[in-house]
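What follows is calculated from the coordinates using simple rules that are stated; it is not laboratory data. Everything quoted here is computed from the prediction, not taken from an experiment. Virtual Cβ from ideal backbone geometry, glycine too; neighbours counted across all protein chains shown.
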């Protein structure tokens with residue numbers, strides 16, 4: 001099983017403590033072992049295969065936010081404890097900026113989470129990739145949002161990194177919320193999912209027949 005970076009750092013202490021705890025209490029030993037194994041499960045990192053076209057979900061979880069913000073559309077995904085917490089690139093493009101913003105650690109499903117600690121990863125979408133289903137040479141943002149217990153956000157890439165759809169973008173230790181802020185040309189009616197829908201990172205299409213002109217498609 002593939003694991004996200006940092007998994008053993010969190011899991012090693014309870015796993016090492018389990019045999020020693022057995023001397024004092026079977027229950028304590030079992031709890032420590034379960035805590036270590038559960039921690040490794042939080043950091044599991046399975047392979048994913050993106051579909052042929054379309055913008056894909058950045059995270060496993062449930063659609064918790066879908067709204068218009070001025071001329072932009074925001075789609076938020078809430079990750080629960082059983083979801084994979086590795087975040088993936090929704091579209092092909094180049095990372096133009098990675099910005100960390102300190103903030104609170106409110107529950108990710110609450111309205112107050114909009115003021116939580118976060119990391120914005122901004123993309124210039126690939127003008128040569130018709131698979132994106134986005135306007136060419138436009139900017140979109142993926143935002144990692146910390147929650148009540150998720151206080152470690154780990155982006156994997158710096159400015160200048162070139163990614164394909166579904167590539168690993170980073171992870172949030174113990175989950176939380178991941179948002180996509182689409183380019184202005186995307187309308188809320190273009191989004192292929194609705195609040196409450198379950199999504200799989202790198203595989204669920206969240207924007208398919210978007211504002212992509214035929215002239216942008218090679219061979220059209």
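Overview of results
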{"item": "Residue 68/residue 47 FRET efficiency (R0 30 Å; Cβ-Cβ; nearest 0.05)", "result": "0.30"}
{"item": "R0 of 45 Å, Cβ-Cβ distance residue 24-residue 200: FRET efficiency to nearest 0.05", "result": "0.60"}
{"item": "Ranked packing of 85-92, 196-203, most packed first, by mean Cβ within 10 Å", "result": "85-92, 196-203"}
{"item": "Packing-based ranking, highest mean first, of 56-67, 158-169 given that Cβ atoms within 10 Å are counted", "result": "56-67, 158-169"}
{"item": "Fully extended contour minus Cα-Cα distance, from residue 82 to residue 208, at 0.36 nm per residue", "result": "42.6 nm"}
{"item": "Fully extended contour minus Cα-Cα distance, from residue 31 to residue 100, at 0.36 nm per residue", "result": "21.3 nm"}
